[in-house]
Protein chains: 2
Amino acid sequence: MSDIPALEALKQALRRLPGVGPKSAQRMAFHLLERDREGARRIAQALSEAVERVIRCRRCNNFSESELCDICSSPRRDGSLLCIVESPSDLISLDQSGVYNGLYFVLMGRLSPLDGIGPEDIGIPRLEALLDEGGVKEVVLATNLTVEGEATAHYIGELVRQRNIKATRIAYGVPIGGELEYTDRMTLARALSGRREA
Amino acid sequence: MSDIPALEALKQALRRLPGVGPKSAQRMAFHLLERDREGARRIAQALSEAVERVIRCRRCNNFSESELCDICSSPRRDGSLLCIVESPSDLISLDQSGVYNGLYFVLMGRLSPLDGIGPEDIGIPRLEALLDEGGVKEVVLATNLTVEGEATAHYIGELVRQRNIKATRIAYGVPIGGELEYTDRMTLARALSGRREA
Ligand SMILES: [Zn+2]
Ligand SMILES: [Zn+2]
């Protein structure tokens, strides 16, 4: 197939998708070219538009198409509560549990000294500035219940308490080593309801 | 996240990829937007270019960027041998086995009466025209060793013999129910060498 550079380039490009190896990339490329060229066009367009339009909310760091996201700019949200999550998917999972009505801060990662990921890499200075603005009365630490998530929660808990703000940690329900993204709604609701001081 | 239509559109679009459900689509979208926007641009471009440039070889039906693919137009290929495969991936797997130096015909499917897939849908009329041109002395039936692949091989074998052309079927090595795409080179080489009259 060395005579089909556009196909080779497509297979290579698709491997940039997480979890996609050479075999999957080939299957995807063939499927689109054989049976769903309209789908291929649509994916191409959606990618271009998302890259162009999706930015980060300047307050919570979540994906957004405006400078301030819908959650941060909603008057119905309780601004005295700030929930810290590792990723936008965790934010979605928690918010869909329906138990929480405060604001969020998305770290876009977790502390991981072995990988060279320190406080600056996960937006801690911005979080501190946000806390120093005042108004937040409780910080809900909702990082994953993994070793690194726990360490991150511990680290942020210290910063929160130094400012005389209450720090709580989500608790019951999420299994040890579990990832929020793959936890069901009910469990997340219980974990949020059962949060305790960190 | 209802405030991010471009992100929602991207997640929806990515679900057109085979094997990608809602969770994977979200993970892919977040990964690209969070960590690999250059990758997103590259995939978008590769998709657009492939859709625009990749056509079907008018002789073998395989993907190609020219009217006649490299294999069909190669003077080093033995034009008296024609190998019938279900898909371009099978063609690649067989060709990489290094045992076969003839030409190919890609069905882009297999007979499947239950799914309403008949001879016209897999290019049988074109294959018959190709055989009627003369020059082919042996047709190697290399459809998958599945029930439908066997039925397809049987059906084509009849058409081939009606024209007094030898029909062989790949044999040893590929396990019953096995898919060529996931079979290793050595096994494919054995299956080709051990082919017999169909
Ligand atoms: Zn926000
Ligand atoms: Zn060809």
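The values are calculated or read from the model by the stated rules, or taken from the named source; none is laboratory data. None of the values given here were measured: they were computed from a predicted structure. Virtual Cβ from ideal backbone geometry, glycine too; neighbours counted across all protein chains shown. For the accessible areas, the whole protein counts, side chains as well, though only heavy atoms, and no ligand, DNA or RNA atoms are used. Shrake-Rupley method; radii C 1.70, N 1.55, O 1.52, S 1.80 Å.
Annotations for the structure displayed:
- A straight Cα-to-Cα reach below 25 Å connects A:K137 with the lysines A:K166, residues fewer than 8 places away in its own chain not being considered.
- Treating r as the C-beta distance of A:E128 and B:Q12 and R0 as 35 Å, the FRET efficiency rounds to 0.40.
- Think of it as helices only: each DSSP H run of n ≥ 4 in the protein assembly as shown is worth -39500 (n - 2.57), and spread over all residues that comes to -13000 deg cm²/dmol at 222 nm.
- Accessible surface, per residue, of the stretch A:77-169 when the full set of protein chains is kept, probe 1.4 Å, Å²: 40
- Largest GNM mean-square fluctuation among A:N144, A:N61, A:N164, using chain A with Cα springs under 10 Å: A:N164.
- Comparing A:V160, A:V99, A:V85 in a Gaussian network model of chain A, where Cα atoms under 10 Å apart are tied by springs, the biggest mean-square fluctuation is seen for A:V99.
- Carbon + sulfur, % of accessible area of the stretch A:27-179 - ligands and nucleic acids excluded, 1.4 Å: 49
- Taking each residue as 0.36 nm, the span from B:D115 to B:Y182 lengthens on full extension beyond its C-alpha to C-alpha distance by 21.7 nm.
- Heavy-atom accessible surface that A and B bury in contact, both chains counted, 1.4 Å, Å² to 100: 5300
- Listed residues A:D36, A:D78, A:D90, most fluctuating in chain A (Gaussian network, C-alpha, under 10 Å): A:D36
- Estimated inter-spin distance, A:V147 and B:I92, nm [label 7 Å along Cα→Cβ]: 3.8
- In the frame of its principal axes, chain A has Cα extents of 66, 35, 34 Å, reported largest first.
- Taking all Cα pairs closer than 8 Å and separated by 6 or more residues, the relative contact order of the stretch B:35-96 comes to 17 percent.
- The stretch A:1-78: GluC sites (Glu not before Pro) in DSSP loop, at most 15 other beta carbons within 10 Å: A:E67
- In the stretch A:58-140, Cα pairs under 8 Å separated by at least six residues give a relative contact order of 33 percent.
- Net charge dipole size for the stretch A:5-53 [Lys, Arg +1 and Asp, Glu -1 on Cβ; Debye, nearest 20]: 160
- Rounded to the nearest 20 debye, the dipole magnitude of the protein assembly as shown is 220 debye, with +1 charges on Lys and Arg beta carbons, -1 on Asp and Glu beta carbons, and the Cα centre as origin.
- Helix A:22-35 vs. chain A, principal-axis angle (Cα, 0 to 90°, nearest 10): 60
- For chain A, the longest principal axis of the alpha carbon atoms and the long axis of helix A:37-53 meet at an angle near 40°.
- Taking every C-alpha pair closer than 8 Å and separated by at least 6 residues, the mean separation divided by the residue count of chain A gives a relative contact order of 15 percent.
- When the Cα positions of A:A151, B:L82, A:I117 are compared along the charge dipole of the protein assembly as shown, A:A151 comes out farthest toward the positive end, with charges on each C-beta of Lys, Arg, Asp and Glu.
- Per residue, the stretch A:5-53 exposes 45 Å² of solvent-accessible protein surface, assessed with a 1.4 angstrom probe and all protein chains in place.
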